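Remarks on the structure that follows.
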Amino acid sequence: MASPVLGIDLGTTNCVVAIIKDDKPVLLQDDQGQHLFPSVVTLGEGDNIWMGREAVALGAAVPGRTVYASKRLIGRWYSDNVVQKARNMYPYHIMENPAGGGVLVQLGDNRYTPEEISGMILKAMKDLAAKRFDITPEEAVITVPAYFNHAQREATQRAAGKANLRVLRLLNEPTAAALSLQSEGQSDRVVAVYDFGGGTFDISLIRIQEAVYEVLATDGDTFLGGDDFDGMICDELSNQFEQSTGIKLRNFPLSWHRLRDSAEKTKKELTHSERCALYLPRLVGEDSLATELTRLKLEEMAKPLIERSLKICARTLEAAKMNPSELSDVILVGGQTRMPLLRQMVEEFFGRPASPGIDPDTAVAEGAAREGSMLREGKGALLLDITPITLGINIVGNRLYPLIHRNTKIPVRKDHMFTTHRDAQTTARMVILQGDNPVASENVRLGEIVLSNLQESERFSSKIEVAFEIDANGILHVKGIDQDTGNEKEITIRGSFDEEGKEKAGDLPESETVAPSEPSAPTISGPFRETELIDVLCFLHANQKSGRIEISTKEKEQTGSMIMAAGEITHASLGDHKGKDAFFYVLGMREGYYAFHEGESIAEPREIEEPFDSLIKR
Ligand code: AMP
């Protein structure tokens, strides 16, 4: 019989593995009966690599040779803010990968990509599972944060490949947590999964009906986690230390490592106690740190971080057009949700107690194992997921043309027809972008498709189809088809570090870009969407045509009467009007008039100086 599928929660701080045995999840444990495996790799004496708890113990002595939280780096560019923040936060050396702008971490004399580090962790998990469960694991369901982008998902899949594990599915962590509820309670409900782990936070609203799991909305922050609480405690303690000794602890990696370790222990201790004493003898030279931290003080420091997560929850409820009273469960996962203040604030926010009986550490791995076992039997739960990030291409005028909007259900396929915008244009270069910024160059570049040898023709006459498809693992496939010649190109977005996708969008080649062959909405009715307006402007600009724009309130849809503003626009009529002024001019209304209607269902006026300037100057 085939070995059971491993359900792997590949966490930033810890890794948890489960399998299904006799219909029940069984957790992988180490010799000491622990099921949390620190996601840490240390290079010891003689280039021996140590993993997990041993790596943590050794790491105290060789902080520069210990890598943790590699999940924060996976699938990112070196120039990414998150990577730059991590460089200041972690004692190990993080550098740019000369082959393509990604990240390398240094372990002794060797350099590894974050996915190689994750691969080592997965390999260690696989080997331990083989030994403990007496199986030959080959397949896994691996969980990733819902907010992971395509590059991060692809990199995680490649990490599994390095450990010789076939990924049956990359499962979003919150969906996995919801799957762990599977056999309990009523079958039609909407659950909020609030996941505050070591490195990332995410929130998802999931509707469960029989075996159908439909993600209604998801959001998160890939740089908000328990590590930030530890970092905050370290800052507080190192300030105290500096005040009494004049020594900056950050300059002493070994001491900093001890401080961090102790900060985390103190934080956990304060989950159960009101106060906790800290003593770190000879922290630097003869100077020791002796102090105490109270739960009250920790809570005062932690509150803004928890509030940040709740703001994201509010945004998510809004995206799903729901209010908390419509939820039937609130599931708390991630180690940090053990903190009493966090629990209390989340329960107050949602107006209900968190669901009991969920272990915040193991629910995700158990859900992954369940899904693995069901997939093996050919009856996996139907997971209706959504994509958390908008995807599109650049079009003329340095605009983003979104093909798949965030919170669209996946798997999904969307296509649109584009055209050349210059006479005799024989190349169409479509840069694949990720993000919501209407200015194309401000988004993240994932790759590009180039169709060359287009038939020479007048502008706006060629037909170029672009199709985006997101598969069930959340991975993007893009196809460009020149309908005149049948010539087509296809790519799968393979991480951010291929030759093609090494830098952020930056400057985009204007002469080879395309224009939408038809504006998506020649008439815009409210609620107002800036990107739609820009689409139309762009089209008019490219076509030198005129068009009519109507902005209406939501009520208009019901009464068919209330048109707030309407205006004819032409390329020429923009004249010297720039920025916000041009915006109001185009809409044929005055600022005061707009302000008068601000309280209505139309969106608030937004500062859009920048994008319009660049469009109108041309
Ligand atoms: P995870 O990524 O889900 O393994 O979560 C790990 C995070 O949870 C780390 O930042 C831990 O410090 C934190 N954590 C674990 N146990 C506790 C606890 N009892 N109280 C507060 N935080 C905890």
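The values are calculated or read from the model by the stated rules, or taken from the named source; none is laboratory data. The shown structure was predicted, so the numbers you read here are calculated from the model rather than taken from an experiment. Here Cβ is always computed from backbone atoms with ideal geometry, including for glycine, and neighbour counts include all displayed protein chains.
Select the helices (runs of 4 or more DSSP H) contained entirely in the range 170-286, then report the ones holding at least 3 residues which are in contact (Cβ under 8 Å) with a residue 24 or more places away in the chain, away from the ligand (no atom under 14 Å from the Cβ) and closer than 24 Å to Asn81 by Cα.
Per the criteria, 253-272.
What single numbered condition from (1) surrounded by fewer than 20 Cβ atoms within 10 Å (Cβ to Cβ); (2) under 19 Å from Glu274 (Cα atoms); (3) polar (S, T, N, Q) fails to hold for Ser325?
Condition (2) is where Ser325 drops out.
If you scan the range 94-121, which residues turn out to be under 27 Å from Pro174 (Cα atoms) and more than 21 Å from the chain's Cα centre (by Cα)?
Result: Met120, Ile121.
For the range 18-28, check the following and say yes or no: at least one residue is in a strand (DSSP E or B) and in contact with a Leu (Cβ under 7 Å, 6 or more places away or on another chain). Explain how you work it out, then say what you get.
Step one: filter the range 18-28 for residues in a strand (DSSP E or B), giving 18-21, 24-27.
Checking which are in contact with a Leu (Cβ under 7 Å, 6 or more places away or on another chain) leaves us with 18-19.
Yes - at least one qualifying residue is present in the range 18-28.
Can you tell me which residue among Gly378, Gly357 is free of Cβ contacts under 8 Å to residues at least 12 places away in the same chain, part of a loop (DSSP other than H, G, I, E, B) and either in the same structural domain as Val191 (by TED's automatic domain parsing) or within 16 Å of the ligand (Cβ to nearest atom) (or both)?
Exactly one residue qualifies, and that residue is Gly378.
Would you be able to say whether some residue in the range 77-90 is in the same structural domain as Pro174 (by TED's automatic domain parsing), crowded, with 22+ Cβ neighbours inside 10 Å and part of a strand (DSSP E or B)?
Checked against the condition, which is being in the same structural domain as Pro174 (by TED's automatic domain parsing), crowded, with 22+ Cβ neighbours inside 10 Å and part of a strand (DSSP E or B), the range 77-90 yields no hits at all.
Could you tell me which numbered condition Ser79 fails, if it satisfies all but one of (1) in contact (Cβ under 8 Å) with a residue 24 or more places away in the chain; (2) within 16 Å of the ligand (Cβ to nearest atom)?
(2)
Condition check ((1) under 27 Å from the mean Cα position of the chain (by Cα); (2) among the β-branched types (Val, Ile, Thr)) across all residues:
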{"position": "Val193", "(1), (2)": "yes, yes"}
{"position": "Glu210", "(1), (2)": "no, no"}
{"position": "Gly225", "(1), (2)": "yes, no"}
{"position": "Gly246", "(1), (2)": "no, no"}
{"position": "Arg258", "(1), (2)": "no, no"}
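Just the residues that are part of a strand (DSSP E or B) and within 16 Å of the ligand (Cβ to nearest atom), please, taken from the range 287-313.
Correct list: Leu293, Thr294.
Take Pro63 and decide whether it is of a type outside the set (A, V, I, L, M), more than 25 Å from Ala129 (Cα to Cα) and surrounded by 19 or more Cβ atoms within 10 Å (Cβ to Cβ). Walk me through how you get there before you give the answer.
On the way: of a type outside the set (A, V, I, L, M): yes; more than 25 Å from Ala129 (Cα to Cα): yes; surrounded by 19 or more Cβ atoms within 10 Å (Cβ to Cβ): yes.
Criteria met by Pro63.
If I filter the range 374-409 down to residues being out of contact with any Lys or Arg (no Cβ under 9 Å at 6 or more places or on another chain) and under 30 Å from Ala2 (Cα atoms), which single residue comes out as surrounded by the fewest Cβ atoms within 10 Å (Cβ to Cβ)?
Among those that are out of contact with any Lys or Arg (no Cβ under 9 Å at 6 or more places or on another chain) and under 30 Å from Ala2 (Cα atoms), it is Gly378.
Scan the range 461-495 for residues that are over 19 Å from Ala515 (Cα atoms), among the hydrophobic types (A, V, I, L, M, F, W, C) and assigned to a strand (DSSP E or B) and jot them down.
Scanning the range 461-495 gives Ile470, Leu476, Ile491.
Please pick out the residue among Ala369, Ala365 that is within 16 Å of the ligand (Cβ to nearest atom) and not in a strand (DSSP E or B).
Exactly one of Ala369, Ala365 is within 16 Å of the ligand (Cβ to nearest atom) and not in a strand (DSSP E or B), namely Ala365.
Can we say Val56 is surrounded by 16 or more Cβ atoms within 10 Å (Cβ to Cβ), more than 16 Å from the ligand (Cβ to nearest atom) and assigned by TED's automatic domain parsing to the domain that holds Arg111? Show your work before the answer.
Working: surrounded by 16 or more Cβ atoms within 10 Å (Cβ to Cβ): yes; more than 16 Å from the ligand (Cβ to nearest atom): no; assigned by TED's automatic domain parsing to the domain that holds Arg111: yes.
So Val56 does not fit the description; no.
Looking at the range 97-143 only, could you name the residues that are hydroxyl-bearing (Ser, Thr, Tyr) and not in a helix (DSSP H, G or I)?
Of everything in the range 97-143, those that are hydroxyl-bearing (Ser, Thr, Tyr) and not in a helix (DSSP H, G or I) turn out to be Tyr112, Thr113, Thr136, Thr143.
Return a yes/no flag: does the range 314-331 have any residue that is closer than 29 Å to Val16 by Cβ and within 15 Å of the ligand (Cβ to nearest atom).
yes
Taking Pro38 as meeting all but one of (1) in contact with a strand residue (DSSP E or B) (Cβ under 8 Å, 6 or more places away or on another chain); (2) under 27 Å from Arg376 (Cα atoms); (3) within 16 Å of the ligand (Cβ to nearest atom), write down the number of the exception.
With respect to (1) in contact with a strand residue (DSSP E or B) (Cβ under 8 Å, 6 or more places away or on another chain); (2) under 27 Å from Arg376 (Cα atoms); (3) within 16 Å of the ligand (Cβ to nearest atom), Pro38 is out only on (2).
Identify the single condition in (1) at pLDDT 95 or above; (2) over 21 Å from Asp9 (Cα atoms); (3) buried (at least 17 other Cβ atoms within 10 Å of the Cβ) that Lys311 does not satisfy, given that it satisfies every other one.
(3)
Can you pull out the residues in the range 410-452 that are free of Cβ contacts under 8 Å to residues at least 60 places away in the same chain, of a type outside the set (D, E, K, R) and crowded, with 19+ Cβ neighbours inside 10 Å?
Within the range 410-452, Gly435, Gly447, Ile449, Leu451 qualify.
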